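Notes follow the structure.
The values are calculated or read from the model by the stated rules, or taken from the named source; none is laboratory data. All figures in this text were calculated on a predicted structure; none of them were measured in a lab. Ideal geometry is used to build each Cβ from the backbone, glycine not excepted, and the neighbour counts take in all protein chains shown.
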Amino acid sequence: MSFSAWLELLASGLITGGIYALVALGLNLQYGLMRILNIAHGEFLMVGAYLTWMVQTQFGLSPLWMIPLSFALLMLLGLAIHWLCFRRLTATSPNLDVFEARGLMVAFGLMFLIQNAVSAIWGGELRGYDYMTDPVAMGGAQFAANKLLVFFMALLFSLALMVLLRKTLLGKGVRALMQSPAGAQLVGINTRTLHPLMFGIGLGLSGLAGCLLSMAYTISPAMGEPYTVTALIVITLGGFGSMGGALAGGLLLGVIEAIGMHFTNPSLKALLSYVVFIGVLLFRPKGLFAK
Amino acid sequence: MNSRNLLWRDLLVLFGLSGWALALPAHASEFAVSMALTCLMYVALSSSWGFFCGTSRYLSLATSAFFGIGAYTTAVMLGELSWFGVIALGAGLATLVAVVMGLAVLHLRGTYFAVLTFGMAELIRHAISYFEKSVSGTVGRVLATVPEMGTIYHTVLLLAVLAVALSIGLRRTRFGLALLGIGGDEQRAQTLGVNTRLVKVAGFAFTAAIAGGVGAAMAVRWTYIDPHTAFNPFIGFQTVLIALIGGAMTVWGPLIAAIVFSVLAETLRLQAPQIYMMTLGILLILCVLYLPGGLASLRWQTFKAWWQDSRSWWKARRYEWSGDKARDKRKARENRIVGL
């Protein structure tokens, strides 16, 4: 294989990996902070993608405008869902284990509800639109412009979230809650505002990822589930609750999939990611990068 | 009622119900029989799931894998073995997989266990469909000679009765109590001398054996089998939903919920599949939020508590919206100033 072919392979892996990382960061925020394993995360991504598609085809608005809009809409939806479901769940669950199991079940319910609501509204067929499809040459290799844009945007927003968590007072509060919920509450961090806000931001990120995805790929009501599974794999790779781990894990999984698919066979893609997933869970349950 | 009376009551109810189910095909239409068959399938699946996962609180999402292993065994072996041989083989293979899987993953708890069993089920599904595509060179298998409807019905009925009877009987033995202890506090159970590893693997294997047998028996209802119908993750999800909505800790909860769901499924699913799935989602959420013990925990007091909750909620809203709350607050503030 020539150098440029390797470059192309690596880059295509990194491009899918960037999206994986963005989706996984949102899920990780919810799980790491509140122990809500949101199985419906991919469905919210799908909602974001459909919103972008609808606005693009109906009003001819550039998908770039939909990035902040889908983030805001999904964040509002997240606040509403937290207020309706998880607030009561936190109040009634006797301990964290029970809360985790019940939260998982609520998320399953949300998954059924949203996936089927979308397919009832917009139908089950594949949809998509053209946006920046010209190829771009870079270092002897060719890439689709929209995929490059998607990659850079995904990376930008992932890094923005990490900077937010690392540098601001809000982020400090969130990290404190992740390390020790009781201790954080003792020093005056209010979980009642921080939990809904972070749940909303998690969903907002998935809406944003959906918006980005719709620029480069076709969308359908069933598109969410594979992304949920991939996000789960990524956060196990990176370690539950670790943001840097999720970013690195996402990029790594994208590259592993691209290389694995190149050398074996595209239908092995799902098999490969599950093997990685189960291998990591069995042998390094704390994540690849844990000390 | 003491424990022995309860045992007799449960066994008598089971006897009556199974007699009724046995007599059903002679009187009912073909549609009703097929509905009853789906119902029995979910009774068997969710009762056996509830027996292990409900009491020990290990949330397994691998039911669809065991079901699929059974179904695929039928697809491959139906011509070569007798009907009962096929079902025994399906159940046996599923048990074998469960023992191996259980030894590997049953030391993990909570969400890790749920996610891992789901991952394993998907891995098995993808592995078999890859194997079929690249080694056998087919995407699915056609079942040419299938047994009569009556045989299938009686087999599934037998499995369902077996699952419920075992879950009634075993609940009272040391084994059942050990599972309950693991659900309560695993470390304490271990300290009290329960071999938790053995008990968990045995419970998991029991769930898998029933699911494998049911899969093997139900496979002949589809004349064409491919990995994606046999290992349909939805069967696993629905089993878990039924057990949880019914009340996974109880004997009769899963049975009641299975009947409700089969009726709902058969009436809604064909006309409006999306509405059916949305109803399922909403029911699940409402059930987890307002009835965490499941349908079996529904008592007259539950309705009373809901009524009182909603009334006190409404009272608080009225107090707020009518301006009384703001006025009381202002008064309290004024009193404080006067008091100074």
Across the range A:241-272, the tally of residues that are modelled with pLDDT under 80, in contact with a helix residue (DSSP H, G or I) (Cβ under 6 Å, 6 or more places away or on another chain) and more than 8 Å from chain B (Cβ to nearest Cβ) stands at 2
Looking across the range B:237-290 at residues that are of a type outside the set (A, V, I, L, M, F, W, C) and within 15 Å of B:SER47 (Cβ to Cβ), the single one that is nearest to the other protein chains (Cβ to nearest Cβ) is B:GLN238
Within the range B:91-108, the residues that are surrounded by fewer than 21 Cβ atoms within 10 Å (Cβ to Cβ) and facing another protein chain (nearest Cβ under 10 Å) are B:ALA104, B:HIS107, B:LEU108
Filter the range B:287-335 for residues that are of a type in the set (Ser, Thr, Tyr) and farther than 24 Å from B:GLY246 by Cβ; the one that is surrounded by the most Cβ atoms within 10 Å (Cβ to Cβ) is B:TYR319
Hey, B:VAL263 surrounded by fewer than 21 Cβ atoms within 10 Å (Cβ to Cβ), part of a helix (DSSP H, G or I) and either in contact with a strand residue (DSSP E or B) (Cβ under 8 Å, 6 or more places away or on another chain) or touching a residue at least 12 places away in the same chain (Cβ under 8 Å) (or both) or not: yes
From the option list B:VAL161, B:VAL142, B:VAL156, single residue qualifying as touching a residue at least 24 places away in the same chain (Cβ under 8 Å), of a type in the set (A, V, I, L, M) and touching a strand residue (DSSP E or B) at 6+ places or on another chain (Cβ under 9 Å) is B:VAL142
Going through the range B:26-45 in order, the residues found to be touching a Phe, Trp or Tyr at 6+ places or on another chain (Cβ under 9 Å) and more than 15 Å from B:THR155 (Cβ to Cβ) are B:TYR42
Scanning the range B:109-128 for residues that are under 11 Å from A:LEU271 (Cα atoms) and either within 8 Å of chain A (Cβ to nearest Cβ) or at pLDDT below 85 (or both) gives B:GLY119, B:MET120, B:GLU122, B:LEU123, B:HIS126, B:ALA127
query: Residue check: is B:GLU148 acidic (Asp, Glu), surrounded by fewer than 16 Cβ atoms within 10 Å (Cβ to Cβ) and either in contact (Cβ under 8 Å) with a residue 60 or more places away in the chain or closer than 21 Å to B:TYR42 by Cα (or both)?
result: yes
Among residues of the range B:109-137 being of a type in the set (Gly, Ala, Ser) and over 15 Å from B:ILE69 (Cα atoms), the residue surrounded by the fewest Cβ atoms within 10 Å (Cβ to Cβ) is B:GLY137
Exactly one of B:GLY176, B:GLY183 is touching a Leu at 6+ places or on another chain (Cβ under 8 Å), touching a residue at least 40 places away in the same chain (Cβ under 8 Å) and either part of a helix (DSSP H, G or I) or not aromatic (Phe, Trp, Tyr) (or both), and that residue is B:GLY176
**Request:** Within the range B:81-102, identify whether any single residue is outside any helix (DSSP H, G or I) and touching a residue at least 24 places away in the same chain (Cβ under 8 Å), and answer yes or no.
**Result:** no
For helices (runs of 4 or more DSSP H) lying entirely in the range A:101-199, having 1 or more residues that are away from chain B (no Cβ under 14 Å), loosely packed, with under 11 Cβ neighbours inside 10 Å and basic (Lys, Arg) picks out A:145-167
By my count, helices (runs of 4 or more DSSP H) wholly in the range B:1-77 with at least 3 residues that are at pLDDT 90 or above, small (Gly, Ala, Ser) and assigned by TED's automatic domain parsing to the domain that holds B:THR173 are B:30-49, B:63-77
